[in-house]
Each structure stands twice: as C-alpha cells, then as structure tokens.
1. Residues that are assigned to a strand (DSSP E or B) and within 16 Å of the ligand (Cβ to nearest atom): does the range 124-143 have at least one?
2. TYR14 passes all but one of (1) aromatic (Phe, Trp, Tyr); (2) in contact (Cβ under 8 Å) with a residue 12 or more places away in the chain; (3) on the phi > 0 side of the Ramachandran plot; which number fails?
3. Restricting to the range 11-23, name every residue that is buried (at least 18 other Cβ atoms within 10 Å of the Cβ), away from the ligand (no atom under 14 Å from the Cβ) and not in a loop (DSSP other than H, G, I, E, B).
4. Kindly establish whether GLY96 is surrounded by 16 or more Cβ atoms within 10 Å (Cβ to Cβ) and either in contact with a strand residue (DSSP E or B) (Cβ under 7 Å, 6 or more places away or on another chain) or in a helix (DSSP H, G or I) (or both).
5. I'm told GLN59 meets every condition in (1) part of a helix (DSSP H, G or I); (2) within 15 Å of the ligand (Cβ to nearest atom); (3) open to solvent by 60 Å² or more (accessible area, probe 1.4 Å); (4) of a type outside the set (D, E, K, R) except one. Can you identify the failing condition by its number?
6. Could you check ILE65 against (1) away from the ligand (no atom under 16 Å from the Cβ); (2) open to solvent by 10 Å² or more (accessible area, probe 1.4 Å); (3) farther than 18 Å from LYS121 by Cα and say which number it fails?
7. Name the one entry in GLY26, GLY8 that is open to solvent by less than 60 Å² (accessible area, probe 1.4 Å), within 16 Å of the ligand (Cβ to nearest atom), in a loop (DSSP other than H, G, I, E, B) and within 30 Å of PRO130 (Cβ to Cβ).
8. Pairs needed: first member in the range 126-141, closer than 25 Å to ALA83 by Cα and small (Gly, Ala, Ser); second member anywhere, surrounded by 10 or more Cβ atoms within 10 Å (Cβ to Cβ) and at pLDDT below 85; C-beta distance under 9 Å; at least 6 residues apart or different chains.
Amino acid sequence: MDLKQMVGIESAKYVKDGMTVGLGTGSTAYFMVEEIGRRIKEEGLTITGVTTSKATEKQALGLGIPLKSIDEVDYVDITIDGADEISNDFQGTKGGGAALLFEKIVATNSKENIWIVDESKMVTHLGAFPLPVEVIPYGSEQIFKKMKLEKSY
Ligand code: A5P
C-alpha cells in the first residue's frame, strides 16, 4: 500500500457517524473518499458529504455517498483534503490541482480541517511552483493589474 493510500485510509478514521464531511480533491484525497465509501457500505457509517470539485462529486456519487452542496448545510464538521507543500513549521500551500476556489469555500465553512500529505510534500521553503489563482470575471482585471505590479506571475 503506498503512502497516499495509507494516509487517506487513516484520515477517514476521524469521520464519525452523523457528520457533515468536506471531501477534498486530488490523488491523496481520492483514497480518503474511497475509504469513506467503504465504511458506508461495510460499517453502515452515516454521513453527508460536501464535495470540493466535480471530480470528487463524481467519485462520491459512484460510491453512494449522500451529498449536499455547501449552501444546503449549516456548517461542515470536518474537511479532509490534500495539500501541495508543507514546510518544516507546518505552513502549507494548496490549489495545485486547480480546485482551489471550491476547496477554500468548503474549508472556510468547516469546524475542522485536516490536510493529508505524504513525505514528498515536505519542503524547506514553500513556493516551488506557481499555484493557480481562481477569479470571477467581475473585477479580474484589477487583480491581474495588481499581480503584474507585484510581479507575482
Ligand atoms: C487541488 O486543487 C489541490 O489543492 C490538491 O488537494 C492538492 O494539489 C494535492 O493533490 P494531490 O493529493 O494529488 O497531490
């Protein structure tokens, strides 16, 4: 079993009956979603999932995980998601898989967030590669102007 699978399965243990669970996106979160699907089928776990991308929504539906949109719940009990880099002092970056906007919305509305990573994500300094920035059309030119000024892309 590889590390992504191990951490995905381990993290699913934090999910308890009756919780509303934010389901992250990416190749690590994939295994956590699979494990929650297994627990629903084999252990009778009852949860409501809130997905952070179309890809995770498709996976969760295929596993029979009941879903709601973030607007249909009061809050999310726990969100489990992958991350791109984690520094020695446990700061991190996310969004490399381009699902950042939904991930941020779900994380912001979660009582608890768990990031699951394997050792390949540990770095001395954050920022090895550019991260996508998701914007809405309205006001986006202002953001691009500021980013050009700051030479941040
Ligand atoms: C998606 O936008 C990202 O935030 C992912 O959660 C992150 O890139 C980690 O993905 P992997 O688990 O595939 O490395």
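The values are calculated or read from the model by the stated rules, or taken from the named source; none is laboratory data. Remember, it's a predicted structure, so these values are computed and weren't measured experimentally. We place every Cβ from the backbone using ideal geometry, glycine too, and count neighbours over all the protein chains shown. Just so you know, the surface numbers come from the protein's heavy atoms only, side chains and all, with ligands and any DNA or RNA stripped out. Shrake-Rupley method; radii C 1.70, N 1.55, O 1.52, S 1.80 Å.
1. no
2. The number of the failed condition is (3).
3. Selection gives ALA12, THR20, VAL21.
4. So GLY96 does not fit the description; no.
5. Condition not satisfied by GLN59: (3).
6. (2)
7. GLY26
8. none
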